[in-house]
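Below: one structure, written as structure tokens.
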Amino acid sequence: MVEDNFRGRPREELAEVLRSLRKAAGLSGERLAVRCAMSQSKISRIERGMTLPSVSEVERILTALDVPGEVCRELVALARRANVDYRSWRAYAQVGLWRKQAELRALAESASMVRQFLPAIPSGLIQTESYAREVMAAVVPGEAARDVERAVRARMESQTALEYESRSFVFLLTEQAVRWRYGSAGLMAAQCEHVAAVAERPDIDIAVIPQSATAECPPLHVFVVYDERLVEIELFSGEIVLREPQEVAYHLNLFDHFLRSALRGDDAVEFLRTVAGEFMREGD
């Protein structure tokens, strides 16, 4: 799972240093918990590397331990590094891109609300099999080799995450993401019809920002927010995972900002079917 796989040395080092500082101060986990207004169980999880503390939580612990200023600054910097992770697509390709699809499925299944901002391409969770195959088969010079068919199968399997009505999804696309050609006119028409059908489900909100909307902020990257706990940002070379509450809150605000300009509900469905019709006529 993403949250487990991204555990790296900064997280482990932070846990070790905080545990050592507490012991050097002669405090029990229970006493430290009282001093920094946390539960003893959370202190224990942080010190064992099971829970990643936010930067503000690290600052509270360091204050409670009366750690000198220079050491505090170094550990706060370490906490910031621990809360930001990067992994390249090349690294995923080496172990199999299909594993990444399995991670995404597990992450979606662990959330009650998933928000996806999609400026250039529909989410893999709402792609048809043919569309996914075209997208995943495209290779830019320098990219690592991949098992396309296995990755496509894993992507289709990941769509079972949409089947639970207790879980909500908001897919926010730009018009460009809907129209950008990744295959034949027939393939694109089928993809648009599929997204329109998904949009009619009660637990799924498909929103489309039309090109006529005023762009007050450039839509730079795909990003996904899982509940209020982490953000994944997709780059050409890989992805960044952010866990710091301030960063998560910023991306939630950014998502809401773009959402206010979008077509939703019946308007979005009508738009998607109109574009599908345009592709169909193109293919005649």
Single residue of the stretch 150-180 satisfying the filter (aliphatic (A, V, I, L, M) and outside any strand (DSSP E or B)) that is farthest from Ile126 (Cα to Cα): Ala151
Whichever residue in the stretch 208-225 is crowded, with 20+ Cβ neighbours inside 10 Å and touching a residue at least 60 places away in the same chain (Cβ under 8 Å) and, among such residues, is farthest from the chain's Cα centre (by Cα): Val208
Set Ser112, Ser166, Ser123: member being out of contact with any strand residue (DSSP E or B) (no Cβ under 8 Å at 6 or more places or on another chain) and touching a residue at least 24 places away in the same chain (Cβ under 8 Å): Ser166
Matching residues, the stretch 243-284, being acidic (Asp, Glu) and either surrounded by fewer than 15 Cβ atoms within 10 Å (Cβ to Cβ) or over 16 Å from the mean Cα position of the chain (by Cα) (or both): Asp256, Asp266, Asp267, Glu270, Glu278, Glu282, Asp284
Odd one out for Ala106, checked against (1) free of Cβ contacts under 8 Å to residues at least 24 places away in the same chain; (2) assigned to a helix (DSSP H, G or I): (1)
Residue within the stretch 19-34 that is closer than 23 Å to Gln246 by Cβ and under 33 Å from the mean Cα position of the chain (by Cα) present: no
Tally of residues being crowded, with 18+ Cβ neighbours inside 10 Å and either within 17 Å of Glu59 (Cβ to Cβ) or of a type in the set (Ser, Thr, Tyr) (or both) across the stretch 18-34: 5
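In the stretch 51-72, is there at least one residue being closer than 30 Å to Ala190 by Cα and of a type in the set (Ser, Thr, Tyr)? Show your work before the answer.
As a first pass, look at the stretch 51-72 and keep what is closer than 30 Å to Ala190 by Cα: none.
Checked against the condition, which is being closer than 30 Å to Ala190 by Cα and of a type in the set (Ser, Thr, Tyr), the stretch 51-72 yields no hits at all.
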Test: residue in the stretch 63-72 that is surrounded by 12 or more Cβ atoms within 10 Å (Cβ to Cβ) and at positive phi: no
Among the residues listed as Leu52, Leu14, Leu75, the single one being over 26 Å from the mean Cα position of the chain (by Cα), on the phi < 0 side of the Ramachandran plot, not assigned by TED's automatic domain parsing to the domain that holds Glu247 and not β-branched (Val, Ile, Thr): Leu75
Members of the stretch 35-45 that are of a type in the set (Ser, Thr, Tyr) and under 13 Å from Glu57 (Cα atoms): Ser39
Any hit, the stretch 147-158, residues being out of contact with any helix residue (DSSP H, G or I) (no Cβ under 6 Å at 6 or more places or on another chain), without any contact (Cβ under 8 Å) to a residue 24 or more places away in the chain and of a type in the set (A, V, I, L, M): no
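From the list Ala111, Ala161, Ala120, Ala138, pick out the single residue that is within 20 Å of Ile204 (Cα to Cα), among the small types (Gly, Ala, Ser), in the same structural domain as Leu263 (by TED's automatic domain parsing) and exposed (fewer than 15 other Cβ atoms within 10 Å of the Cβ).
Of Ala111, Ala161, Ala120, Ala138, the one residue that is within 20 Å of Ile204 (Cα to Cα), among the small types (Gly, Ala, Ser), in the same structural domain as Leu263 (by TED's automatic domain parsing) and exposed (fewer than 15 other Cβ atoms within 10 Å of the Cβ) is Ala120.
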Matching residues, the stretch 21-64, being closer than 26 Å to Arg229 by Cβ and assigned to a loop (DSSP other than H, G, I, E, B): Cys36, Ala37, Met38, Ser39, Arg48, Gly49, Met50, Thr51, Leu52, Pro53, Ser54
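The values are calculated or read from the model by the stated rules, or taken from the named source; none is laboratory data. Source: prediction; values computed, not measured. For neighbour counting, all protein chains shown are included, and Cβ atoms are generated from backbone atoms with ideal geometry for every residue, glycine included.
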